[in-house]
Amino acid sequence: MIPRKIPMRKCTGCNELKPKKELIRVIVTPDDTVELDTTGKKNGRGAYICAKTGCLKEARKHKGLEKSLKKAIPPEVYDSLEKELIRLEGER
């Protein structure tokens, strides 16, 4: 039996390649809003980030999400993403 290929994605914060299931997807929806996609199946342009607030801070500092999503992200959106990541870290 041939082993299945594991899809790998790069975190926009720490720039490490990790399995897709370990990362959280951040998307720009068709109606031009930025949000977390915990299912990984929503429509829109996506970028991946580790489930750690440190990676989000690095992505914010170096504008990794803005480069990947090809869209300027306001500070309020970063704050709401950070709150959601903290909530998700508490659940794990």
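The values are calculated or read from the model by the stated rules, or taken from the named source; none is laboratory data. Computed from a predicted structure; not experimentally measured. Here the Cβ is made from the backbone with ideal geometry for all residues, glycine too, and neighbour counts use every protein chain on show.
Restricting attention to segment 4-24, does a residue exist that is among the β-branched types (Val, Ile, Thr), surrounded by fewer than 11 Cβ atoms within 10 Å (Cβ to Cβ) and at pLDDT 90 or above? Explain how you work it out, then say what you get.
Pass one, segment 4-24, residues among the β-branched types (Val, Ile, Thr): 6, 12, 24.
Then drop every residue that is not surrounded by fewer than 11 Cβ atoms within 10 Å (Cβ to Cβ), which leaves 6.
Then drop every residue that is not at pLDDT 90 or above, which leaves 6.
Looking through segment 4-24, at least one residue is among the β-branched types (Val, Ile, Thr), surrounded by fewer than 11 Cβ atoms within 10 Å (Cβ to Cβ) and at pLDDT 90 or above.
For the list (1) of a type outside the set (A, V, I, L, M); (2) touching a strand residue (DSSP E or B) at 6+ places or on another chain (Cβ under 6 Å); (3) not in a strand (DSSP E or B), I need the number of the one condition that Tyr48 fails.
Unmet condition: (3).
Looking at Leu88, Leu36, Leu81, which one is assigned to a strand (DSSP E or B) and touching a residue at least 40 places away in the same chain (Cβ under 8 Å)? Spell out the reasoning first.
On the way: Leu88 fails: assigned to a strand (DSSP E or B); Leu81 fails: assigned to a strand (DSSP E or B).
Exactly one of Leu88, Leu36, Leu81 is assigned to a strand (DSSP E or B) and touching a residue at least 40 places away in the same chain (Cβ under 8 Å), namely Leu36.
Scan segment 25-49 for residues that are of a type in the set (Gly, Ala, Ser) and either at pLDDT 95 or above or closer than 19 Å to Leu85 by Cα (or both) and jot them down.
Within segment 25-49, the first condition is being of a type in the set (Gly, Ala, Ser), and the residues that meet it are 40, 44, 46-47.
Scanning segment 25-49 gives Gly40, Gly46, Ala47.
What is the residue count in segment 40-59 for residues that are loosely packed, with under 15 Cβ neighbours inside 10 Å and either on the phi > 0 side of the Ramachandran plot or without any contact (Cβ under 8 Å) to a residue 12 or more places away in the chain (or both)?
Result for segment 40-59: 2.
So which residues in segment 1-20 are among the aliphatic types (A, V, I, L, M) and farther than 17 Å from Gly46 by Cβ?
Kept after step one, since they are among the aliphatic types (A, V, I, L, M), are these residues of segment 1-20: 1-2, 6, 8, 17.
Scanning segment 1-20 gives Met1, Ile2, Ile6.
Which of the residues belonging to segment 26-65 are among the β-branched types (Val, Ile, Thr) and over 13 Å from the mean Cα position of the chain (by Cα)? Steps first, please.
Filtering segment 26-65 for residues among the β-branched types (Val, Ile, Thr) gives 26-29, 33-34, 38-39, 49, 53.
Once the filter is applied, which keeps residues that are among the β-branched types (Val, Ile, Thr) and over 13 Å from the mean Cα position of the chain (by Cα), segment 26-65 yields Thr29, Thr33.
Counting only residues that are of a type in the set (Gly, Ala, Ser) and surrounded by 16 or more Cβ atoms within 10 Å (Cβ to Cβ), which one in segment 60-79 is farthest from Thr29 (Cα to Cα)? Can you show your working first?
Quick first cut of segment 60-79, residues of a type in the set (Gly, Ala, Ser) only: 64, 68, 72.
After this cut, where a residue has to be surrounded by 16 or more Cβ atoms within 10 Å (Cβ to Cβ) as well, the list is 64, 68.
Details: Gly64: 18, Ser68: 14 Å.
Result: Gly64.
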